[in-house]
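Reading through the structure tokens given below for one structure.
The values are calculated or read from the model by the stated rules, or taken from the named source; none is laboratory data. Small disclaimer: the values here were computed from a predicted structure and weren't measured. Glycine also receives a Cβ, built like all others from the backbone with ideal geometry; neighbour counts cover every protein chain displayed. Heavy atoms of the whole protein, side chains included, go into the accessibility calculation; ligands, DNA and RNA do not. Shrake-Rupley method; radii C 1.70, N 1.55, O 1.52, S 1.80 Å.
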Amino acid sequence: MTQRTHRGDTAGNDAAVLDRDGLAALIAGLSAAGFSVIGPRIADGAVVLDEITDIADLPAGWRVDQAPGRVETRPADPDAPPHLFDTVLPAQGLKRYLYPPRRRLWQADRDAAGGWHLSDEDAQPPPALAFLGLRPCELAAVAVQDRVFLEGPYADSDYAARRRRAVLIAVNCTRAAATCFCASMGTGPRATAGYDLALTEIPDPDAPRFLAEAGSDRGRALLADLPQRSADPTDRAAADAATAEATRQMDPANGGRAMIGDVADLLRRTLDHPHWDRVAERCLGCTNCTLVCPTCFCATVEDETTLDGATATRWRRWDSCFAVGFSYMHGGSVRREMSARYRQWMTHKLAHWHDQFGVSGCVGCGRCIAWCPVGIDITAEAQAIAASEER
Amino acid sequence: MARSAPHDAKPDGDRRAPKRPKLAVWKFSSCDGCQLSLLDCEDELLAVAEAVEIAYFLEATRARIRGPYDVSLVEGSITTPDDIRRIQKIRGQSRLLVTIGACATAGGIQALRNFARIHDFVTAVYPTPHYIETLATSTPIHDYVPVDLELRGCPIDKHQLLELLSALLNGRAPVLPTHAVCVECKMRGVPCVAVAKGAPCLGPVTQAGCGALCPAVGRACYGCFGPQESPNCSALAATLKAGGLERRQIAHAFRSFNAGAEAFRRESEVHD
């Protein structure tokens, strides 16, 4: 961002209140600074992350409800409070922007003398993207992917460049879908880190507004430039109450969803449990859970040539541990049985991820539950294994 | 498949044209749609014609060059005794035999006859049934001769066809994934039509390759690329049933262009 002059009342303060004009100014300001603003939009009967240019592009007046294997996107009740962000999670998170489904690794062109010229993909500047409306679980997922892609001896330079440039503007959750379980994973419903700005929507019919908190210098600079007023105790109390409601909804005591405690240890000692075969009877092996998961990062590499052999291209594309070919080695695939593939995914996500990256691979977003065509439920499978162990 | 690639032969600027592989396109019981995918290559068609010698392709030219052929693309299913003789002859003349499309790889829509009595059809359709010499079934090419590679689809995808030709010409393995269509939906960012709309989508049990053509326009996949590598059709059928599909509708969903493919055939018979 370029040098800013402070206009807001709370310039220098980390929390402020924005009305919808303030949010519109945020979108306009990011656009003016050269960012494409990526936020939730209604498309194809669902909510997707896509470019927005105006506050009118946001899913105002829409509501999303989720259950295992079902995501319903519909206009909200006419007398519901005026939400801009009542659509819980988009079908896919920002993974596809920071870690694109298909990316050229290099291209080789044959020159007239018969030599080869190799492209330098890292010379391409990454797109300037500002994400608006990220849920706390998605911020947590970005933190997980940061560990995967940025730490250790083999950092992913493309991810690093995209990540460095991205502006992350969160919207705290004030309603949990029936598939959400971030509270039990310690990743939500209120963002505590990893954002430039975090907004909490206060859907007051008389004064719809957002409590805005800056979490970085870039966020502070963005906020300072917006029409705003300082946050008073009423605003903070309203925001606290709104996110507390999401926590309450996820509490199993209220019929909410949670991941069982000590799931990593449970899975480490139940690798031969018969329940894996029972899941396999239902599992389609379709890969949907892995591809909507905001932390799953597996990929394969494919080569492409032109017919005349003058150009060869190597691509990286998303792959999944549910594909038989994913575990292909000399002589065949290692995980041919569906039970072996489901177990690989769930135990990696919830147990072995800790060993590999020092953190759980699950952030409790519930996408794998909602977007599984047969509604397989990772929290219920964990519970079933735990319950049978107790018997 | 790994013959020395024509393009690798002369990097030193030798002007002699390398010997182009001879390509033949054959038709059995089919609608010709798959072989037309070759003509549909449009932008790439001239490059294809330069890279291979089109030796036999009746949809494009009446000129015929005698075999043997380096590559034979075979469209259509086997439905007559004469088909059996002809495919064996073609196999004998072809270094590589690639079947293209649902008819050649699974028997096609005409494999619906496999679930009925052929005599009933013949007498219902033809005024003089005794002129008709036909087999009781429509079956894929691989039931009769060894097949080197299959391209699925009704029709095939032209990008897969070009990928196949490019791989053959450059001496590398073609990239033809056998996982589910769902991978292509997710890569395109298409929200799942089964989950978001309750559409009776066969994508989870169907092999990729079309680029998620139907879901990308909001339609359920109807399985024209046939079963994926490890299809769990009974689990999908249970979900279709829970979504309100009747037994007969489930049978019909699995019994279309790939009715003869083993996994789809078995599931359709469960719901007969």
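Within segment B:139-163, restricting attention to residues that are in a helix (DSSP H, G or I) and under 23 Å from B:CYS214 (Cα atoms), which residue is most open to solvent (accessible area, probe 1.4 Å)?
So the first thing to find is which residues in segment B:139-163 are in a helix (DSSP H, G or I), and the list is B:141-143, B:158-163.
Still in the running and under 23 Å from B:CYS214 (Cα atoms): B:158-163.
Numbers: B:LYS158: 55, B:HIS159: 119, B:GLN160: 23, B:LEU161: 1, B:LEU162: 21, B:GLU163: 28 Å².
Filtering segment B:139-163 for residues that are in a helix (DSSP H, G or I) and under 23 Å from B:CYS214 (Cα atoms), the one most open to solvent (accessible area, probe 1.4 Å) comes out as B:HIS159.
For segment A:364-391, enumerate the residues that are within 21 Å of B:GLY198 (Cα to Cα) and in contact with a Leu (Cβ under 7 Å, 6 or more places away or on another chain).
A:ARG367, A:PRO373, A:VAL374
Identify the residue in segment B:226-238 that is more than 15 Å from B:ASP272 (Cα to Cα) and touching a residue at least 12 places away in the same chain (Cβ under 8 Å) and, among all such residues, is farthest from the other protein chains (Cβ to nearest Cβ).
B:GLY226
Considering only segment A:310-328, state which residues are open to solvent by less than 20 Å² (accessible area, probe 1.4 Å), more than 9 Å from every other protein chain (Cβ to nearest Cβ) and either outside any loop (DSSP other than H, G, I, E, B) or in contact with a Pro (Cβ under 8 Å, 6 or more places away or on another chain) (or both).
A:THR313, A:SER327 - these are the residues of segment A:310-328 that are open to solvent by less than 20 Å² (accessible area, probe 1.4 Å), more than 9 Å from every other protein chain (Cβ to nearest Cβ) and either outside any loop (DSSP other than H, G, I, E, B) or in contact with a Pro (Cβ under 8 Å, 6 or more places away or on another chain) (or both).
Which number in (1) touching a Phe, Trp or Tyr at 6+ places or on another chain (Cβ under 9 Å); (2) facing another protein chain (nearest Cβ under 8 Å) marks the one condition that B:LEU202 misses?
(2)
Tell me, yes or no, whether segment B:214-225 has at least one residue that is away from chain A (no Cβ under 12 Å), open to solvent by less than 20 Å² (accessible area, probe 1.4 Å), farther than 25 Å from A:LEU94 by Cα and not in a helix (DSSP H, G or I).
Residues of segment B:214-225 that are away from chain A (no Cβ under 12 Å), as a first pass: B:214, B:222-225.
Now restrict to residues that are open to solvent by less than 20 Å² (accessible area, probe 1.4 Å): B:223, B:225.
From the residues that got through so far, the ones that are farther than 25 Å from A:LEU94 by Cα too are B:223, B:225.
From the residues that got through so far, the ones that are not in a helix (DSSP H, G or I) too are B:223, B:225.
For segment B:214-225, residues away from chain A (no Cβ under 12 Å), open to solvent by less than 20 Å² (accessible area, probe 1.4 Å), farther than 25 Å from A:LEU94 by Cα and not in a helix (DSSP H, G or I): present.
From the list A:ALA264, A:ALA246, A:ALA239, pick out the single residue that is in contact with a strand residue (DSSP E or B) (Cβ under 6 Å, 6 or more places away or on another chain), assigned to a helix (DSSP H, G or I), modelled with pLDDT of 95 or more and open to solvent by less than 20 Å² (accessible area, probe 1.4 Å).
Working: A:ALA264 fails: in contact with a strand residue (DSSP E or B) (Cβ under 6 Å, 6 or more places away or on another chain); A:ALA246 fails: in contact with a strand residue (DSSP E or B) (Cβ under 6 Å, 6 or more places away or on another chain).
Of A:ALA264, A:ALA246, A:ALA239, the one residue that is in contact with a strand residue (DSSP E or B) (Cβ under 6 Å, 6 or more places away or on another chain), assigned to a helix (DSSP H, G or I), modelled with pLDDT of 95 or more and open to solvent by less than 20 Å² (accessible area, probe 1.4 Å) is A:ALA239.
At least 2 residues that are within 14 Å of chain A (Cβ to nearest Cβ) and surrounded by fewer than 23 Cβ atoms within 10 Å (Cβ to Cβ) in each: list the strands (runs of 3 or more DSSP E) lying fully within segment B:33-138 that qualify.
Details: elements: B:53-56, B:69-75, B:94-100.
Passing ranges, in order: B:53-56.
Return the residue satisfying two criteria in turn: it lies in segment B:164-189 and is buried (at least 22 other Cβ atoms within 10 Å of the Cβ) and farther than 28 Å from A:ARG335 by Cα, and of such residues it is farthest from the other protein chains (Cβ to nearest Cβ).
Of everything passing the filter in segment B:164-189, B:LEU168 is farthest from the other protein chains (Cβ to nearest Cβ).
Given the residues B:CYS210, B:CYS192, which is the only one that is surrounded by 18 or more Cβ atoms within 10 Å (Cβ to Cβ) and more than 8 Å from chain A (Cβ to nearest Cβ)? Steps first, answer last, please.
Numbers: B:CYS192 fails: more than 8 Å from chain A (Cβ to nearest Cβ).
Sole residue among the options that is surrounded by 18 or more Cβ atoms within 10 Å (Cβ to Cβ) and more than 8 Å from chain A (Cβ to nearest Cβ): B:CYS210.
This table checks each residue for (1) assigned to a strand (DSSP E or B); (2) more than 29 Å from A:PRO127 (Cα to Cα); (3) modelled with pLDDT of 95 or more.
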residue	(1), (2), (3)
A:MET1	no, no, no
A:THR5	no, no, no
A:LEU18	yes, no, yes
A:ASP21	no, no, yes
A:LEU26	no, no, yes
A:SER31	no, no, yes
A:GLY39	yes, no, yes
A:ASP50	yes, no, yes
A:VAL64	yes, yes, yes
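Of the numbered conditions (1) in a loop (DSSP other than H, G, I, E, B); (2) surrounded by 19 or more Cβ atoms within 10 Å (Cβ to Cβ); (3) more than 14 Å from chain B (Cβ to nearest Cβ), A:LYS349 satisfies every one except a single condition; which is it?
(1)
Would you check which residues across segment A:285-303 are in contact with a strand residue (DSSP E or B) (Cβ under 8 Å, 6 or more places away or on another chain) and either assigned to a loop (DSSP other than H, G, I, E, B) or at the interface with another protein chain (Cβ under 7 Å from one of its Cβ atoms) (or both) and list them?
Quick first cut of segment A:285-303, residues in contact with a strand residue (DSSP E or B) (Cβ under 8 Å, 6 or more places away or on another chain) only: A:285-287, A:291, A:298-303.
Hits for segment A:285-303 are A:GLY285, A:CYS286, A:THR287, A:LEU291, A:CYS298, A:GLU302, A:ASP303.
Working carefully through the options A:ARG336, A:ARG278, find the one that is within 14 Å of another protein chain (Cβ to nearest Cβ), among the basic types (Lys, Arg), assigned to a helix (DSSP H, G or I) and surrounded by fewer than 17 Cβ atoms within 10 Å (Cβ to Cβ). It would help to see each step written out before you state the result.
Details: A:ARG336 fails: assigned to a helix (DSSP H, G or I).
A:ARG278 is the lone residue from the list that is within 14 Å of another protein chain (Cβ to nearest Cβ), among the basic types (Lys, Arg), assigned to a helix (DSSP H, G or I) and surrounded by fewer than 17 Cβ atoms within 10 Å (Cβ to Cβ).
Give segment A:203-231 a look and list any residue that's open to solvent by 60 Å² or more (accessible area, probe 1.4 Å), touching a residue at least 24 places away in the same chain (Cβ under 8 Å) and farther than 20 Å from A:ALA33 by Cβ, or say none.
Once the filter is applied, which keeps residues that are open to solvent by 60 Å² or more (accessible area, probe 1.4 Å), touching a residue at least 24 places away in the same chain (Cβ under 8 Å) and farther than 20 Å from A:ALA33 by Cβ, segment A:203-231 yields A:PRO205, A:ARG229.
For segment A:249-261, how many residues are on the phi < 0 side of the Ramachandran plot and not in a helix (DSSP H, G or I)?
Restricting attention to segment A:249-261, the residues satisfying the condition of being on the phi < 0 side of the Ramachandran plot are A:249-254, A:256-261.
Remaining after also requiring not in a helix (DSSP H, G or I): A:251, A:256-261.
Adding up the residues that qualify gives 7.
Any idea how many residues of segment A:158-192 are open to solvent by 60 Å² or more (accessible area, probe 1.4 Å) and assigned to a helix (DSSP H, G or I)?
The number of residues fulfilling the criteria is 2.
Hey, does segment A:357-378 have a residue that's away from chain B (no Cβ under 13 Å), without any contact (Cβ under 8 Å) to a residue 40 or more places away in the chain and open to solvent by 40 Å² or more (accessible area, probe 1.4 Å)?
Scanning segment A:357-378 turns up no residue that is away from chain B (no Cβ under 13 Å), without any contact (Cβ under 8 Å) to a residue 40 or more places away in the chain and open to solvent by 40 Å² or more (accessible area, probe 1.4 Å).
Output yes when any residue across segment A:107-118 is closer than 20 Å to A:VAL37 by Cα and surrounded by fewer than 19 Cβ atoms within 10 Å (Cβ to Cβ), and no when none is.
The first filter runs over segment A:107-118 and keeps only residues closer than 20 Å to A:VAL37 by Cα, leaving none.
Taking every residue of segment A:107-118 in turn, none turns out to be closer than 20 Å to A:VAL37 by Cα and surrounded by fewer than 19 Cβ atoms within 10 Å (Cβ to Cβ).
Taking the criterion of being at pLDDT 95 or above, in a strand (DSSP E or B), in contact with a helix residue (DSSP H, G or I) (Cβ under 8 Å, 6 or more places away or on another chain) and over 30 Å from A:PRO78 (Cα atoms), would at least one residue in segment A:134-151 satisfy it?
No: zero hits.
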